[in-house]
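Beneath this line is the structure, given in structure tokens, with notes to follow.
The values are calculated or read from the model by the stated rules, or taken from the named source; none is laboratory data. None of these values were measured; they are calculated from a predicted model. Counting neighbours? That spans all protein chains shown, and the Cβs are built from the backbone with ideal geometry, glycine included. For the accessible areas, the whole protein counts, side chains as well, though only heavy atoms, and no ligand, DNA or RNA atoms are used. Shrake-Rupley method; radii C 1.70, N 1.55, O 1.52, S 1.80 Å.
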Amino acid sequence: MQDDFPHESETFHEPETPQAHAPRTGLSRDPGTGPARDPGTGRPRPPRREFKARGSFVERCTGCNLPMLNCLCPYRVQARSYARVWLLTHSMEHFKPTNTGRLIQDVLPDTEVFTWYRTAPDERLLALLDDKRFAPFVVFPDDQPDYAERVVDIDAVTESRAAGRIPVYLLLDGTWRQARRIFRKSPYLDALPVLPLRTERLTRYRLRKPASSSHLCTAEVAAELLRQGGDENAALALDDYFDAFNECYAASRRFEKIEAPTAAMRRLLASQA
């Protein structure tokens, strides 16, 4: 079964404040609001409306952005992988505390995060795409004939590693509609090989409703690619961290305090010792 790679469903809950992720992404500008001027025209952007939405008054941890009732910070671990993950994230995705792309950055410190703007590609991303040390693969389904000649399988990742290059999984982080728009409206991605994720794995994500159980969220996609590419330890750490995130957030929505750590939480705690 092939994952259609829509990442997360288009229905989301509890948007977060725009400032919540600025320290985590390392971006030089607010990833939620973007630059003060439109990247394409240079004209000043109007100020954002006052933030009022479901969940806007929830007391959140400044470290993990989860409700304080079940903070994720005690379970945070870091792992090393040979392959890298780069996230090309739709600007609206930064507002969603249910976004799982940020979990990848927590676990894999070499993760790069770029905000997608249709008219103004990130200059740092363009520079890294030209860096011969890296072998980037844009992760996207092979469901259209017009780019069939670019489609590769996981063996291409192994081959790039054997050639001394660093494989990179470039994930289009957003809803399925947003991801397809990023893929189609970003000419600088046109020269990259397309790596579809082929897996029998079903999603365990419970915070947004997927169109199908075969539609994995962003963190699950990254974990599965890491596993298939030979970075098993990093994949296991990310999987456990994702499970802890899933449990903490779901319990907080029910206003329940997790009293006994789950199996995944216990493994994360043990790995910190």
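A few notes on this one:
- What the phi angles of the stretch 99-105 give under the Karplus curve with 6.51, -1.76 and 1.60, with θ = phi - 60°, is a coupling list of 4, 9, x, 5, 5, 5, 5 Hz, glycine and proline written as x.
- Using a probe of 1.4 angstrom and keeping all protein chains present, the accessible surface of the stretch 212-273 works out to 42 square angstrom per residue.
- Percent carbon-and-sulfur accessible area, the stretch 133-273, ignoring ligands, DNA and RNA, probe 1.4 Å: 53 percent
- Contour excess over end-to-end distance, with Cα ends at Ala250 and Thr119 and 0.36 nm allotted per residue: 43.5 nm
- Using a Förster distance of 22 Å, the FRET efficiency for Val152-Tyr188 (Cβ separation, nearest 0.05): 0.75
- Long-range HN-HN contacts of Trp116 with modeled amide H, under 5 Å: Thr89, His90, Ser91
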